[in-house]
1. Counting only residues that are at negative phi and crowded, with 17+ Cβ neighbours inside 10 Å, give me the helices (runs of 4 or more DSSP H) lying completely in the chain with at least 2 of them.
2. Which of the numbered conditions does GLY62 fail, given that it passes all the others? Conditions: (1) under 13 Å from the mean Cα position of the chain (by Cα); (2) under 13 Å from LEU4 (Cβ atoms).
3. Among the residues of segment 67-85, is any aliphatic (A, V, I, L, M) and at pLDDT 95 or above?
4. Run down VAL82, VAL21, VAL50 and say which single residue is in contact (Cβ under 8 Å) with a residue 24 or more places away in the chain, touching a His at 6+ places or on another chain (Cβ under 7 Å) and β-branched (Val, Ile, Thr).
Amino acid sequence: MTVLIDTPLWPKHGTVWSHLVSDRSVAELRAFAERTGVPARAFDLDHYDVPVERYDELVAAGAEPVSPRELVRRLAASGLRVTPRERRARSALDA
């Protein structure tokens, strides 16, 4: 299992957030999230947004800490990354 978590740096809603991804499969990512109690509503196409308060717990559960740059590099290399262009296109379809 290779689930990655980046450094919590992304501010929103009065806290900072990390991204939780898999560099193998979305199914692996969803299974890890379910096992660790990350809510389904936190899923955003190719990652989960998780608050800083969950970071240590998720690392202890097996998520590999990486830099944001490394997370994006490995997610892109896996073929699972949803690009900003794809994200905007999907948002337009949902509107």
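1. On the way: elements: 26-36, 55-60, 68-78, 84-94.
Answer list for the chain: 26-36, 55-60, 68-78.
2. (1)
3. From segment 67-85, those aliphatic (A, V, I, L, M) are 71-72, 75-77, 80, 82; that's our starting set.
So of that shortlist, the ones also at pLDDT 95 or above come out as 71.
Yes, segment 67-85 contains at least one residue that is aliphatic (A, V, I, L, M) and at pLDDT 95 or above.
4. Details: VAL82 fails: touching a His at 6+ places or on another chain (Cβ under 7 Å); VAL50 fails: touching a His at 6+ places or on another chain (Cβ under 7 Å).
Of VAL82, VAL21, VAL50, the one residue that is in contact (Cβ under 8 Å) with a residue 24 or more places away in the chain, touching a His at 6+ places or on another chain (Cβ under 7 Å) and β-branched (Val, Ile, Thr) is VAL21.
The values are calculated or read from the model by the stated rules, or taken from the named source; none is laboratory data. Note that this is a predicted model, so its numbers are computed, not measured. Cβ coordinates were reconstructed from backbone atoms using ideal geometry, including for glycine residues, and neighbour counts include every protein chain displayed.
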